[in-house]
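The values are calculated or read from the model by the stated rules, or taken from the named source; none is laboratory data. Because the structure is predicted, anything quoted here is derived from the model rather than measured. Glycine gets a Cβ as well: all are built from the backbone with ideal geometry, and neighbour counts include every protein chain shown. Side chains included, ligands, DNA and RNA excluded: accessible areas come from the protein's heavy atoms. Shrake-Rupley method; radii C 1.70, N 1.55, O 1.52, S 1.80 Å.
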Amino acid sequence: MDAESNSPAVAPEERFFLLRHRDFPAIGDLDVYRQLGGFEAFQKAVTAMQPGQVTDVVKASGLRGRGGAGFPTGIKWSFIDNANWPHYVVANADESEPGTFKDREIMEGNPFQFLEGVALCAYAIQAKAAYVYLRGEFWQLAAWLDRKIAEMEAAGLLGDGLFGTGYSLRIYTHLGAGAYICGEETAMLESMEGKLGQPRLRPPFPPSFGLFGKPTVVNNVETLTNVPLIVSRGAEWYRTLGTDKSPGVKVFSLSGCVENPGNYELPLGTTFRELLFTHGGGIPGGRQVKAIMAAGASSSLIVANDEALDTPMDYESVPRVGAQLGSASVIVIDDSINIPWLINKTMHFFKHESCGKCTPCREGTFWMVHLTDRIAEGKATLQDVALLEDVANQVKGKCLCALGDFSTEAVLSGIERFHSDFELAVTGSKIAA
Ligand SMILES: Cc1cc2nc3c(=O)[nH]c(=O)nc-3n(C[C@H](O)[C@H](O)[C@H](O)COP(=O)(O)O)c2cc1C
Ligand code: SF4
């Protein structure tokens, strides 16, 4: 099922809501975007809606954050502290999770819908400055967005006294240095303040203590790109897409052992089977799917049996098969892959990206690399596997930010659900992918 077939309200030529450049390749041109109704939602909001009404419609739509946690967006906006000013918006364009490549396509292909979403969020919380925080490797994308922002300024869509009202807004891009941890919202705010990118102790959360200590909404790029649709077409329309508790469409980044990797915009609630086999073209070389990581490298390993394949990909259903939807970066693992080898690769990533601020994560990722190296090299015993599990349990739930937990997901689920692969690895009979 695609987005079109799930919504009778959609015009026949319109197949995409977020990846709209696939329907309208020139949508990155301001005139084309405006011909397609672009910036009407922002103008309507600024000229005819109270800021709180914008928050209310986003709340009513049921939109949930697409950066990983699935937190309800309108509720987050309503937490902004109105006793403390100024307010800021920060769009999270760090996109560093291995397996995630959706925000990049949105910003490259459909930049104005994203920037309009930033502007609507800013109006809703009455921020006069909004920032787009991009990972350092996205420097070309930052230059592209700078050009789009300049075009908006020239067209009177950003700047002072917008649409003849007293509301003013400017948007700026900000490049990080390329650290995964700077996608964590409080590390990102520290980085923007020119400090070391390390998470803050929370609470307080950004809506009360954010950028420069001021109330700040941090939202993912994809989350914000939904907002112009919701404001222009209404919350009720939005709820015709997806499921009751996970409304809307989602861009699923599909990678790994699959014929057609790429981004797929589909309603939330689409099954893994449909993504992998109908859209992704199945597993190459006649192999069988063995495991699925639903949320990139941070994911638990789902055993790819019939129950899992028939599970709808939404925030409520994926936990029923022992994982999280996260940012919906679906990595497919076929039966040629040795799970200890795969886990060893993820551990190297997490050890490299651990910011070192808290001991369980800093030391735990070091020891988990050490042990998984030994297991993957076929030099370990089952006692080492038990020690690995013990170390992961010492890390899980004991860290300052979620990176520590993320580093244990594949380890703990892998040992529990694919134990025979570890037994093979420790005998040295199967040591590489
Ligand atoms: C280690 C780590 C990395 C993260 N990386 C990203 C990221 O690249 N992009 C993102 O939007 N959120 C990322 N997040 C989640 C953010 O902290 C935050 O929850 C999110 O940007 C909020 O936006 P949303 O409500 O629209 O999802 C990360 C979280 C952690 C713990
Ligand atoms: S859990 Fe890891 S990444 Fe997060 S603050 Fe602690 S050391 Fe840093």
### Task
Give the residues of segment 318-373 that are in contact with a strand residue (DSSP E or B) (Cβ under 9 Å, 6 or more places away or on another chain) and over 18 Å from GLY414 (Cβ atoms), sorted by residue number.
LEU325, SER327, ALA328
### Task
Find the residue count for segment 384-433, including only residues that are within 26 Å of the chain's Cα centre (by Cα), among the hydroxyl-bearing types (Ser, Thr, Tyr) and either at pLDDT below 95 or more than 16 Å from ligand 1 (Cβ to nearest atom) (or both).
1
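Can GLY282 be described as assigned to a loop (DSSP other than H, G, I, E, B) and either crowded, with 18+ Cβ neighbours inside 10 Å or within 16 Å of ligand 1 (Cβ to nearest atom) (or both)? Break it down into steps so the answer makes sense when it comes.
Working: assigned to a loop (DSSP other than H, G, I, E, B): yes; either crowded, with 18+ Cβ neighbours inside 10 Å or within 16 Å of ligand 1 (Cβ to nearest atom) (or both): no.
Spelling it out, it is not the case that GLY282 is assigned to a loop (DSSP other than H, G, I, E, B) and either crowded, with 18+ Cβ neighbours inside 10 Å or within 16 Å of ligand 1 (Cβ to nearest atom) (or both).
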### Message
Kindly evaluate LEU309 against the criterion of being of a type outside the set (S, T, N, Q) and farther than 18 Å from PHE114 by Cα.
### Response
yes
### Task
Taking the residues in segment 202-227 that are open to solvent by less than 10 Å² (accessible area, probe 1.4 Å) and in contact with a Phe, Trp or Tyr (Cβ under 7 Å, 6 or more places away or on another chain) as candidates, determine which candidate is nearest to ASN110 (Cα to Cα).
THR225
### Query
Wholly within segment 316-433, which helices (runs of 4 or more DSSP H) include no fewer than the required count, namely at least 2 residues that are more than 28 Å from PHE252 (Cβ to Cβ)?
359-376, 382-395, 419-426
### Query
Taking LYS128 and the conditions (1) within 20 Å of GLY38 (Cα to Cα); (2) among the charged types (D, E, K, R); (3) touching a Pro at 6+ places or on another chain (Cβ under 7 Å), which numbered condition does it fall short on, given that it satisfies the others?
(1)
### Query
Tell me, which residue of segment 345-359 that is within 12 Å of ligand 2 (Cβ to nearest atom), closer than 19 Å to GLY296 by Cα and not hydrophobic (A, V, I, L, M, F, W, C) is surrounded by the most Cβ atoms within 10 Å (Cβ to Cβ)?
SER354
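Go through LEU342, LEU325, LEU266 for me and flag whichever is crowded, with 22+ Cβ neighbours inside 10 Å, within 16 Å of ligand 1 (Cβ to nearest atom) and touching a residue at least 60 places away in the same chain (Cβ under 8 Å). Lay out the reasoning, then the answer.
On the way: LEU342 fails: within 16 Å of ligand 1 (Cβ to nearest atom); LEU266 fails: within 16 Å of ligand 1 (Cβ to nearest atom).
Selected residue: LEU325, the only one of LEU342, LEU325, LEU266 that is crowded, with 22+ Cβ neighbours inside 10 Å, within 16 Å of ligand 1 (Cβ to nearest atom) and touching a residue at least 60 places away in the same chain (Cβ under 8 Å).
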### Residue list for segment 360-394, filter: touching a Ser or Thr at 6+ places or on another chain (Cβ under 8 Å) and buried (at least 16 other Cβ atoms within 10 Å of the Cβ)
CYS361, ARG362, GLY364, THR365, MET368, GLY378, LEU388, ALA392
## Note on the structure
The condition from (1) assigned to a loop (DSSP other than H, G, I, E, B); (2) in contact with a Leu (Cβ under 8 Å, 6 or more places away or on another chain); (3) surrounded by fewer than 20 Cβ atoms within 10 Å (Cβ to Cβ); (4) of a type outside the set (Val, Ile, Thr) that PRO199 misses is numbered (3)
### Task
Considering only segment 175-196, state which residues are charged (D, E, K, R), buried (at least 18 other Cβ atoms within 10 Å of the Cβ) and in a loop (DSSP other than H, G, I, E, B).
GLU184
### Query
Residues in segment 346-360: is at least one among the acidic types (Asp, Glu) and within 15 Å of ligand 1 (Cβ to nearest atom)?
yes
### Summary
Pairing a residue in segment 91-106 that is free of Cβ contacts under 8 Å to residues at least 40 places away in the same chain with any residue that is among the aromatic types (Phe, Trp, Tyr) and more than 7 Å from ligand 1 (Cβ to nearest atom), where Cβ atoms lie under 8 Å and the two sit 6 or more apart in sequence or on different chains, gives ARG104/PHE138
### Query
In this structure, is ILE331 buried (at least 23 other Cβ atoms within 10 Å of the Cβ), more than 15 Å from ligand 1 (Cβ to nearest atom) and on the phi < 0 side of the Ramachandran plot?
yes
### Message
Quick check on this structure: which one of GLU265, GLU193 is farther than 19 Å from TYR123 by Cα, more than 20 Å from the chain's Cα centre (by Cα) and away from ligand 2 (no atom under 16 Å from the Cβ)?
### Response
GLU193
### Message
Tell me whether segment 50-69 contains one or more residues that are on the phi < 0 side of the Ramachandran plot, modelled with pLDDT under 95 and open to solvent by 30 Å² or more (accessible area, probe 1.4 Å).
### Response
yes
### Summary
Pairs returned, first residue in segment 53-72 that is more than 13 Å from LYS245 (Cβ to Cβ) and of a type in the set (S, T, N, Q), second residue that is open to solvent by 10 Å² or more (accessible area, probe 1.4 Å) and assigned to a loop (DSSP other than H, G, I, E, B), beta-carbon separation under 9 angstrom, 6 or more apart or interchain, are THR55/ILE80
#### Entry: Among the residues listed as LYS214, LYS148, LYS195, the single one being at pLDDT 95 or above and closer than 23 Å to ASP81 by Cα
LYS214
### Message
When you check SER317 against the structure, is it open to solvent by less than 20 Å² (accessible area, probe 1.4 Å), small (Gly, Ala, Ser) and more than 16 Å from ligand 1 (Cβ to nearest atom), yes or no?
### Response
yes
### Number of positions in segment 112-164 that are open to solvent by less than 40 Å² (accessible area, probe 1.4 Å), more than 24 Å from CYS182 (Cβ to Cβ) and touching a residue at least 12 places away in the same chain (Cβ under 8 Å)
10
